[in-house]
Amino acid sequence: MKTTIATFYALLACAGLAGCDLDGRALLQSYDPETGETRPVTVVDLDRVEDAPTVCTEDDFANCEPYIGELGPSDIGTGTLSGSTLTIQGTGNRMCVMIDPQSVYQDNRMLDPSGSQTTNPFMDDFPYDDGDLDMLAGLASYYTGTPGELMGDFVNNFVDENGVGRRVDLNLCLQEDNHGQVGGTAGRATPEMCSFDTLPDTPYRIALYAFSVPVDDNSLKYALLVYEGNCPSTIDECTLRGDRDRPEAGTLPFDVDNVEAMYCEGL
Amino acid sequence: MSSRVAVALAATLLAGCWQEELPEQNLSGTIVVPADVVEDSRDIGMAYIGVFEAWDPEQLGYSYPATGPRVGDNPLGDTQPYGGTTVGEYAYPCMRALRCSILTGRYTTIDDLLDANPVTTDDGELMTTEQFYDQCQWYYGWNLVEEFSFLGEDGIDFTKNDDGDWEAEFLAWHTQIPAGSVLWGFVDNDFTSCSIDQGSINRRRSDDGQFFREGSNFPDVLNFPDKYITDGDLVSSQVTTIEADKADGYELRLDQMLD
């Protein structure tokens, strides 16, 4: 009997000690299992990169090549985010911003010749090459971050006339959710867009935030397009191209070049 | 040993008496709708009451809270309320024909509700009390009229006061009420503040195979009241100023009908 009780307590102690061996950092997208360290965030100032994004016009936006960028993982828990910022000059007209994070939401779907989504019988869904990118935009003077160093937002604080501290969100990039309410963002691998009025000769800042990066390589590719004019009513995976990795030859069926091409152009 | 337990117990009990000095308080009072503006209390729509930084009767040409800067495509700035509440809430009255048009606290009986909101059936006949009861019994599983959450004498919000006007109590939970802020409100008589895309999903979806929502108010009504105020709605022509260290006993008159 004593042996049984001792065994029970020994097992209990082992179970308790096993709990001490868990390292929650392995669950973080910024954790590097090879070095045991947390990867630093990537903050990119797109105003200072070569081949910086340019502002297109509404008439030729279909011919305008999107900028293809790449971001590392964020440390969501601490609010230290990877992201990039772009400064554009207001013209007095409306500006449209589109982004498309890597890569395709459902790899086992594709567009048929009529443009309708259908099943791709040769592919399974592969979510591990997908990430999520969100965006804000507003007057550059309201931006609280430092381009190239630290991501910020457009939330500002003030004390009102009754002496109460208040917060006001001056983000102009307002997207609707499924219920038509402002404040929504698209999820994994899904494009987003927004448009907003601008004042002439006034700088505006677009801020892109890596919410999640692909599990397979911890690097999020994205496509970005900015043009002067109204956004279209809808966009899809095929509106902006280039937000994907190029797999090794023979990985995809029928030697298709990449998952985005497979989704948009079929087999 | 027992004395240590007693001390620990006393400390625990005292901890429950700790004053946290939270800025949010429960604000209570009454709203009054003049009887010469609305004759039948069943016609009083959803009443929204908010606590705001200041009052601005000039911007829109009618009584309205002061707003922050206009951001994005919003036609007006955010009123940035400190808090607020409603008198009544949107109820789903068992059928889509009446979705977003029935409030709690307005009707005593099924006849009372159908009298103010007649429903025509597929046969072209007016819905009877029995048919309405059967529909609610099927939809919610209620077996007594007392279970109908949007009916009942006890739940009626508006009653006649000594002046013959309609009066209802309100309670705004956990609201900041700095001295100098103002109490302002409006009554949405045509239910534009109700969204058919909000609220619970059809709870009989597994039976009828239909997806719809039961309807509920938009979440930004107090932030952007102008989006929902239309002709025929009531606003408070004057505001009530919040006083220091006073959280109850306020009165707000919703007396101006917009046209």
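The values are calculated or read from the model by the stated rules, or taken from the named source; none is laboratory data. Everything quoted here is computed from the prediction, not taken from an experiment. Every residue, glycine as well, gets a Cβ built from its backbone with ideal geometry; the counts of neighbours run over all protein chains shown.
Below, the figures for the structure above:
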{"quantity": "When residues of segment B:50-72 are limited to those that are farther than 23 Å from A:LEU174 by Cβ and assigned to a loop (DSSP other than H, G, I, E, B), the one nearest to the other protein chains (Cβ to nearest Cβ)", "calculated": "B:ALA54"}
{"quantity": "Filter result (buried (at least 16 other Cβ atoms within 10 Å of the Cβ) and not in a strand (DSSP E or B)) within segment A:202-217", "calculated": "A:VAL213, A:PRO214"}
{"quantity": "Residue check for B:GLY199: on the phi > 0 side of the Ramachandran plot, of a type outside the set (Val, Ile, Thr) and surrounded by 17 or more Cβ atoms within 10 Å (Cβ to Cβ)", "calculated": "yes"}
{"quantity": "Conditions (1) over 30 Å from A:ARG166 (Cα atoms); (2) touching a Pro at 6+ places or on another chain (Cβ under 7 Å); (3) crowded, with 21+ Cβ neighbours inside 10 Å: number failed by B:PHE158", "calculated": "(2)"}
{"quantity": "Number of positions in segment A:37-56 that are of a type outside the set (A, V, I, L, M, F, W, C) and surrounded by 12 or more Cβ atoms within 10 Å (Cβ to Cβ)", "calculated": "8"}
{"quantity": "Restricting segment B:204-245 to residues that are among the hydroxyl-bearing types (Ser, Thr, Tyr) and within 14 Å of another protein chain (Cβ to nearest Cβ), the residue that is surrounded by the fewest Cβ atoms within 10 Å (Cβ to Cβ)", "calculated": "B:THR241"}
{"quantity": "Of residues in segment A:180-232 being among the aromatic types (Phe, Trp, Tyr) and more than 16 Å from the chain's Cα centre (by Cα), the one modelled with the highest pLDDT", "calculated": "A:TYR204"}
{"quantity": "Filter result (more than 10 Å from chain A (Cβ to nearest Cβ), surrounded by 18 or more Cβ atoms within 10 Å (Cβ to Cβ) and not aliphatic (A, V, I, L, M)) within segment B:176-190", "calculated": "B:TRP184, B:GLY185, B:PHE186, B:ASP188, B:ASN189"}
{"quantity": "B:THR129 being surrounded by fewer than 17 Cβ atoms within 10 Å (Cβ to Cβ), more than 14 Å from chain A (Cβ to nearest Cβ) and at pLDDT 95 or above", "calculated": "yes"}
{"quantity": "Residues within segment A:57-89 that are buried (at least 19 other Cβ atoms within 10 Å of the Cβ) and in contact with a Phe, Trp or Tyr (Cβ under 8 Å, 6 or more places away or on another chain), tallied", "calculated": "9"}
